Amino acid sequence: MLHIDAVTKTYPGVRALDRATLDVGPGVFGLLGPNGAGKSTLMQVIATLLDPDAGGVSFDGVNFLSQRLSARRLLGYLPQDFGFYPTLTARQTMSYFARLKGMALRDERGRAIDALLDRVNLLDVRDRRVGGFSGGMRQRLGIAQALLGAPRLIIVDEPTAGLDPEERNRFHDLLADAAANDIVVLLSTHIVADVANLCSRFAILQKGKIVGVDTPSSALATLRGSVFEASISSAALNALPPEVAVISTRRFEGALRVRVFASGGPPSSAFSVADPTLEDYYFSVLREDGAVN
Amino acid sequence: MSRIASVPFGGVVQAELLYNAKRILPYALMVIFSGNALLWWGWGPAVARGWAVNSDFYISRMFVMFSFMTLPLFVAVLMGDVVARDFEAEIDPLIFSKPIRRVEYIAGKFIGNFLVLVCCEAAFAVTFLALQSARVPEMIVLAPRVAPFLRHFVFFTVLSSLPLAALCFAVGALTRNVKLVYGTTVAFYCLYIAGQIRMREIPLHWRIALDPLLMNVEQLWRGSSALALNQVTVPYNGWMLANRAAMLVVAVACIAVVNMRFATSRPRTRAASGLIAIDFAWPAPSIAPSLPAIDPWLAATATELRLLRDERSFGLAAAVTVIACVASLAAFPVPPSSVYAARTVDSLLLFLFAIALFYTGEAFHRDRALRVEPLLWSAPVSNGVLVTAKITAVSVVGLVVMVLVGAGSALVQLARGTTHGLALYLPIYGVILVPSLLFMVAASAALHTVARQKHLANAAGVAIAGAFYSLVARGVNHPSFNFLLYELWSPQSLNERWLLAHRAYTCAAAALLAWTAIRFMKRKA
């Protein structure tokens, strides 16, 4: 179990994390939030790469702030922004990180590397220099290195950026497989669909604060019967009563398609009941917190 | 200014000026150059030789010496990565997708950074100018003057640094490899000194015309008394003007070559083959928590060595070192009684210093430049593993170069039919050079971890080395601070006990510096 206890981090003029508290058990846990919400800061604190001003992080009894080396043995980390040595091949890169993780036995290491490269579809190019890889291939290699050494806690920060839809599905399968082995996977993203597809629980981070923790199904249940949808004009949108919370507006076939949350029934006859989505929940929580205008 | 800046060329110049204004490096260079001026004002040769410190002769001499002793490496530091940094920061697609012509980009980059270089150099001139109002005992100071400072600064310093800046810019822009730029400047020193030695026999006016730094101008007044020199007005004769014109031509030619050959594209990447569906069994390799740190350390060292080997500049640096060190033996007469191994030590020390400073810098800053740091830092290894692996790798590179030079020198010796001192290569290199190399690499590691900025650390390293050389040249030399034993040993002293004690002292200092690097390595995002 990962315990994040009142973690606070302030940069000059910005409170990136404000007493963020979470308990995360085995499975894929999603961390949702808009850009600048503090997701990457929280990830870096958990990955032992950033000291918080206050609070603590522990996992299975290991204090991540005072027992860094022990913590790193448990970790698999894929940062949002990372690179590789361009002159090393994929296999050399993996071998290097594997040995840093303590995988000293050559044969076992080789098998694990080949299996992971196979899993991320890089086995055929394992002897090619990473400098010649495309963005998606580098991302897949990054994922593979995070899975080295059978980590107990996997932290992945915006991992599907730069992946095409097929690779993204493949990555989801990888994480789901990992989570099935009683591993804690912390997935930071601003793509709500990734959370909906993968996560058994998720939290929403906004302006450094955890503003909601839930499971996808119960999150959807809270909205059932309260989400309405209509194609209306801009004037009609502006005329909606203040108690109606606009979740999202988007253009569809030239018309303004509006989704609203209204606990007292549809705002007008133009609106019909819609099936709530996790995106509705996400926007409604952010709106409650004053993040979405 | 706003009209100029509104066109792309002006925009590039302005961006370079703004970028440099927010860097520490130019200010650090100004401090170093001002300190240099202060040192040569109060403690230079003028007081001892009875020269007036603001005489026309001494002012021109100081600007020439300044150009020779400090500029080439600092020019490389400031001009080498001008284009490469746009590609490293991945701003290049944003720039080249704008309607900017290649010549505007190239000229803007060069002129913007050359202006910054001139501003840094001006710190030397301004300090010298301001110090006219100060004096130390027995110093001769003439009536305060301004024009000679300005005139000689432009003629001897700015015009000397122009072609070198253009050369460094060209190498950096075309290869996008800063280490090749450093290699070029180190090679420039070797070629320049070798050229000056070769040209001793030709008439003075030709020596002046062919001397890019105009070091030979001083020879015009050779043998003159101090009193006469204080009254001299340094004229710019036809040979000197021809030389400066040639420097301008060289600079323009370098920029023209860059303009013709510069490519805005990056190396093409090839996409992977199609996706293959493969059943996957989750790999669960065992990790023994009590594993000794030796395997991660070996892996880190092997990787660092591989990365250094893959550096394009390494082959060139090794070749230049071997050629320069061995050529100094092969090209000039060496008495049969001389110990060849000992004669290679001084020149080898210079190159080992360059390797230690620049390649250690490369090893320490590569991880940040390539954004590998978060992956490495989240690995369960201590700072000691990461730092000592880098120190070991650079030391091994230095050892390889040392072996190559030793082998080349031994071949020259054998070709000349003398075997005198052949057995001394191992003890001389082992006792004198190896501890010195370890010290320089560890010192450089400490400098780079404490400074955390590659160019700042490089500039500081060059400044420290320059100050050390200046002290030794002035006769201030003692084993307590001369860890390299430069000019403090001879082959005979190999049998003396103090030498081994000193090498142990040097190794202890290296260990302390390595510990400093480990201690100061901040593993934080």
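Limited to the stretch B:8-63, what total is found for residues that are of a type in the set (A, V, I, L, M), in a helix (DSSP H, G or I) and more than 24 Å from the chain's Cα centre (by Cα)?
Residues in the stretch B:8-63 being of a type in the set (A, V, I, L, M), in a helix (DSSP H, G or I) and more than 24 Å from the chain's Cα centre (by Cα): 8 in total.
Can we say A:ASP173 is open to solvent by 20 Å² or more (accessible area, probe 1.4 Å), facing chain B (nearest Cβ under 10 Å) and farther than 23 Å from A:LEU2 by Cα?
So A:ASP173 does not fit the description; no.
Which of (1) within 13 Å of chain B (Cβ to nearest Cβ); (2) touching a Lys or Arg at 6+ places or on another chain (Cβ under 7 Å) does A:ASP53 not meet, given it meets every other one?
Among (1) within 13 Å of chain B (Cβ to nearest Cβ); (2) touching a Lys or Arg at 6+ places or on another chain (Cβ under 7 Å), A:ASP53 violates only (1).
So A:PHE82 clears everything in (1) open to solvent by 30 Å² or more (accessible area, probe 1.4 Å); (2) within 11 Å of B:LEU375 (Cα to Cα); (3) touching a Gly at 6+ places or on another chain (Cβ under 8 Å) except one condition, right? Which one?
Condition not satisfied by A:PHE82: (1).
If you check every pair at least six apart or on different chains, which have Cβ atoms under 6 Å apart with a residue in the stretch A:109-138 that is basic (Lys, Arg) first and a residue that is open to solvent by 40 Å² or more (accessible area, probe 1.4 Å) and assigned to a helix (DSSP H, G or I) second?
A:ARG126/A:ARG91
Test each condition in (1) in contact (Cβ under 8 Å) with a residue 12 or more places away in the chain; (2) open to solvent by less than 10 Å² (accessible area, probe 1.4 Å); (3) under 29 Å from A:SER95 (Cβ atoms); (4) β-branched (Val, Ile, Thr) for B:VAL372 and report the one that comes out false.
Answer for B:VAL372: the failing condition is (1).
With the requirement that a residue be open to solvent by less than 70 Å² (accessible area, probe 1.4 Å), in contact with an Asp or Glu (Cβ under 8 Å, 6 or more places away or on another chain) and modelled with pLDDT of 85 or more, what does the stretch A:224-259 give you?
Listed by number, the residues that qualify are A:VAL227, A:VAL258, A:ARG259.
Can you pull out the residues in the stretch B:219-235 that are over 35 Å from the mean Cα position of the chain (by Cα) and either among the β-branched types (Val, Ile, Thr) or within 22 Å of B:ARG151 (Cα to Cα) (or both)?
Hits for the stretch B:219-235 are B:ALA228, B:GLN231.
Select from the stretch A:177-198 the residues that are part of a helix (DSSP H, G or I) and within 14 Å of chain B (Cβ to nearest Cβ) and write down the one among them that is most open to solvent (accessible area, probe 1.4 Å).
The residue in question is A:ALA180.
Taking helices (runs of 4 or more DSSP H) that do not extend beyond the stretch B:296-403, which have at least 2 residues that are within 14 Å of another protein chain (Cβ to nearest Cβ) and hydrophobic (A, V, I, L, M, F, W, C)?
B:340-369, B:373-377
When B:HIS455 is evaluated against the numbered criteria (1) more than 26 Å from B:GLY406 (Cα to Cα); (2) modelled with pLDDT of 90 or more, which criterion, by number, is the only one it fails?
Of (1) more than 26 Å from B:GLY406 (Cα to Cα); (2) modelled with pLDDT of 90 or more, only one is false for B:HIS455: (2).
Please report, ordered by residue number, the strands (runs of 3 or more DSSP E) entirely within the stretch A:199-293 with at least 2 residues that are among the small types (Gly, Ala, Ser) and on the phi < 0 side of the Ramachandran plot.
Per the criteria, A:227-232, A:245-252.
Only residues that are among the aliphatic types (A, V, I, L, M) and either more than 15 Å from B:PHE169 (Cβ to Cβ) or open to solvent by 20 Å² or more (accessible area, probe 1.4 Å) (or both): list them for the stretch B:63-106, please.
Selection gives B:VAL64, B:MET65, B:MET69, B:LEU73, B:ALA89, B:ILE91, B:LEU94, B:ILE95, B:ILE100, B:VAL103.
Look at the stretch A:115-129 and say how many of its residues are at pLDDT below 90 and of a type in the set (Val, Ile, Thr).
1
Just the residues that are loosely packed, with under 12 Cβ neighbours inside 10 Å and more than 24 Å from B:ARG474 (Cα to Cα), please, taken from the stretch B:484-497.
B:GLN492, B:ASN495, B:ARG497
Say whether the condition of being open to solvent by less than 30 Å² (accessible area, probe 1.4 Å) and farther than 30 Å from A:ILE4 by Cα is met by at least one residue in the stretch A:263-273.
Yes, that holds for at least one residue.
Take residues that are open to solvent by less than 30 Å² (accessible area, probe 1.4 Å), within 14 Å of B:PHE63 (Cβ to Cβ) and touching a residue at least 40 places away in the same chain (Cβ under 8 Å) and tell me which of the helices (runs of 4 or more DSSP H) falling wholly in the stretch B:107-226 contain 2 or more.
Result: B:147-152, B:159-175.
Please tell me if A:MET43 is within 24 Å of B:ILE294 (Cα to Cα) and open to solvent by less than 30 Å² (accessible area, probe 1.4 Å).
In short, no.
What is the one condition in (1) within 30 Å of B:LEU25 (Cα to Cα); (2) free of Cβ contacts under 8 Å to residues at least 12 places away in the same chain that B:GLN492 does not satisfy?
(1)
State all residues of the stretch B:465-483 that are under 30 Å from B:ASN20 (Cα atoms) and surrounded by 15 or more Cβ atoms within 10 Å (Cβ to Cβ); if no residue qualifies, say none.
B:ALA465, B:GLY466, B:PHE468, B:SER470
Can you name every residue in the stretch B:419-442 that is assigned to a helix (DSSP H, G or I) and open to solvent by 30 Å² or more (accessible area, probe 1.4 Å)?
Scanning the stretch B:419-442 gives B:LEU422, B:ALA423, B:LEU424, B:LEU426, B:PRO427, B:GLY430, B:VAL431, B:VAL434, B:LEU438, B:PHE439.
Is one or more of the residues making up the stretch A:105-122 β-branched (Val, Ile, Thr) and within 23 Å of the chain's Cα centre (by Cα)?
Yes, there is a match, as at least one residue in the stretch A:105-122 is β-branched (Val, Ile, Thr) and within 23 Å of the chain's Cα centre (by Cα).
The values are calculated or read from the model by the stated rules, or taken from the named source; none is laboratory data. All figures in this text were calculated on a predicted structure; none of them were measured in a lab. All Cβ positions, glycine included, derive from the backbone under ideal geometry; neighbour counts span all protein chains shown. Note: areas computed on protein heavy atoms with side chains; ligands, DNA, RNA excluded. Shrake-Rupley method; radii C 1.70, N 1.55, O 1.52, S 1.80 Å.
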